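Single-structure report; data block below.
The values are calculated or read from the model by the stated rules, or taken from the named source; none is laboratory data. Just so it is clear, the structure is predicted and the values come from calculations on it, not from any experiment. Cβ atoms come from the backbone with ideal geometry, glycine included; neighbour counts cover every protein chain shown. For the accessible areas, the whole protein counts, side chains as well, though only heavy atoms, and no ligand, DNA or RNA atoms are used. Shrake-Rupley method; radii C 1.70, N 1.55, O 1.52, S 1.80 Å.
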Amino acid sequence: MLRSFSRLPASVVFRTRATANARTVAVAAQRRHASFYNTDVAGLTEEQAEFRNAVHEFAEKEIAPRASEIDRTNTFPMDLWEKFGDMGLLGITVKPEYGGLELGYFNHTLAMEELSRASGSVALSYGAHSNLCVNQIHRWGTPAQKAKYLPDLVAGRKVGSLAMSEPGSGSDVVSMTLRAARADGGYRLTGNKFWITNGPVASTLVVYAKTEPEKGSKGITAFIIEKGWEGFSTHQKLDKFGMRGSDTCELVFEDCFVPEENVLGPVNGGAKVLMSGLDLERLVLSGGPLGLMQAAFDYAVEYVHQRKQFGKPIGEFQLMQGKLADMYTKLNASRAYVYAVAKACDQGKVSRRDCAGAILYSSDRAVEVTMEAMQSLGGNGYINEYPTGRFLRDARLYTVGAGTQEIRRMLIGREFNEEFKRQAA
């Protein structure tokens, strides 16, 4: 099983999981289109390839058949959380003592990619839970906090979320106004958070607030909040352009008491917690654009070799060959960059400019590739019965989520500014 992946040979691991997750040849045969994922170029080890294949087959069976309905109804299938937990996917970077696999960010990115091929919105909610919430608690939590919250989150019995952005502070996150005032035995939070993925359904949330507003970035603290606490509520679910089914809403705090033991990381040290988490968030979420590009490319390739005009498949016309070549190249160039950054992070070399660069490049290419896939279908690409429109709408999220493209470019440029200043000092 995936839960035992880090401790058993791959051949044993996936045989033991075969019955429980219906990993059969029939499942693969029922897929509507072939996959043109180039395993020879991807550079995966045998165990990484086994891991990716297991996630892919799980997603094809449990998610892909429902992807269109999820998008149409804007509803996340809640039964998936415990299925993710059964597969071990919610604790890929978490230690086994808390129920995790203790693998790395490369495997986490692979999971994000394969889930996104089946449904971009399901994968986005998965990423918010497993990386933004679970990984942050695992990295910064006290032993007591990890023992209390991680087992249920990793098993999928509870849903996690992270709350950073506000109605008036998106890119300028340090200007947040959610106030955490000192109180007897803890803090009282007052204010709002906005665009919060998993907000409507989350039971455990990592929330950032100002403990000492006059100190700016040095006055931010992270907290672990539980659903049902007095003074904490959610507003209506947002009706989004894409990533429909990834539940998103506004959070409201009205004098909500948070006990001292729920401070995550150091008091007034929340900016470090936040920024270090953003680097890894950008990396793991980069798997989303890769999965969407692969799904779009696979669908377009099959379509243009079935659709005939002027007596032959349109894929045999040079203009269409050019489209396929550009889509394929953009996809694989993006994958090579994302995979390289993920491998470096697993070696402890987390590069802020490259984590930003990975999602900057892959998300721009994803918009282009999904747009071309839609164009390859001609009039059918504009009909909602075909999935290419959904691929494009979902891809657009990654140009604004986890930081806008403009902020990512600024971060990369600023990293070089800082490097030259250090050299000159």
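A compact table of results
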{"quantity": "Proximal lysines to Lys323, defined as alpha-carbon separation beneath 28 angstrom and excluding residues fewer than eight positions away on the same chain", "calculated": "Lys308, Lys312"}
{"quantity": "Potential extension, Val400-Ser35 segment - 0.36 nm per residue separation minus Cα distance", "calculated": "128.6 nm"}
{"quantity": "Computed E for Arg307/Glu82 - FRET, C-beta separation, R0 45 angstrom, nearest 0.05", "calculated": "0.65"}
{"quantity": "Only Lys, Arg (+1) and Asp, Glu (-1) charged, at Cβ; the stretch 162-270 dipole about Cα centre in debye", "calculated": "280 debye"}
{"quantity": "Å² per residue, accessible surface of the chain at 1.4 Å", "calculated": "42 Å²"}
{"quantity": "Stretchable slack from Glu214 to Lys95, in nm (0.36 nm times residue separation minus alpha-carbon distance)", "calculated": "39.1 nm"}
{"quantity": "Options (1) -0.33, -1.29; (2) -0.37, -1.46; (3) -0.50, -1.19 - which one matches log10 I(q)/I(0) by the Debye sum over Cα atoms at q = 0.07, 0.14 Å⁻¹ as calculated here", "calculated": "(1)"}
{"quantity": "Distance between modelled label sites at Thr73 and Ala49, nm, 7 Å Cα→Cβ extension", "calculated": "3.9 nm"}
{"quantity": "Neighbour net charge for Glu316 - beta-carbon separation under 15 angstrom, K R +1, D E -1", "calculated": "+3"}
{"quantity": "Met275-Ile412 pseudo-label distance in nm [points 7 Å out on the Cα-to-Cβ vector]", "calculated": "2.0 nm"}
{"quantity": "Charge dipole of the stretch 162-270 about the Cα centre (unit charges at C-beta), most positive-ward option of Gly231, Val252, Ser217", "calculated": "Ser217"}
{"quantity": "Share of carbon and sulfur in the accessible heavy-atom surface of the stretch 162-270 [1.4 Å probe, %]", "calculated": "51 percent"}
{"quantity": "Dipole in debye (nearest 20) - the chain, about Cα centre, beta carbon charges: Lys, Arg +1; Asp, Glu -1", "calculated": "400 debye"}
{"quantity": "Chain lengthening between Ala340 and Glu102 when straightened (0.36 nm per residue, less Cα-Cα)", "calculated": "83.7 nm"}
{"quantity": "Cα-Cα over 23 Å, subset of Lys95/Lys158; Lys146/Lys227; Lys158/Lys193; Lys215/Lys421", "calculated": "Lys215/Lys421"}
{"quantity": "Accessible surface of the stretch 46-159 [probe 1.4 Å, protein heavy atoms]: carbon and sulfur percent", "calculated": "47 percent"}
{"quantity": "Carbon + sulfur, % of accessible area of the stretch 278-425 - ligands and nucleic acids excluded, 1.4 Å", "calculated": "54 percent"}
{"quantity": "Tilt relative to the chain, helix 318-346 - C-alpha long axis, 0 to 90 degrees, to 10", "calculated": "40 degrees"}
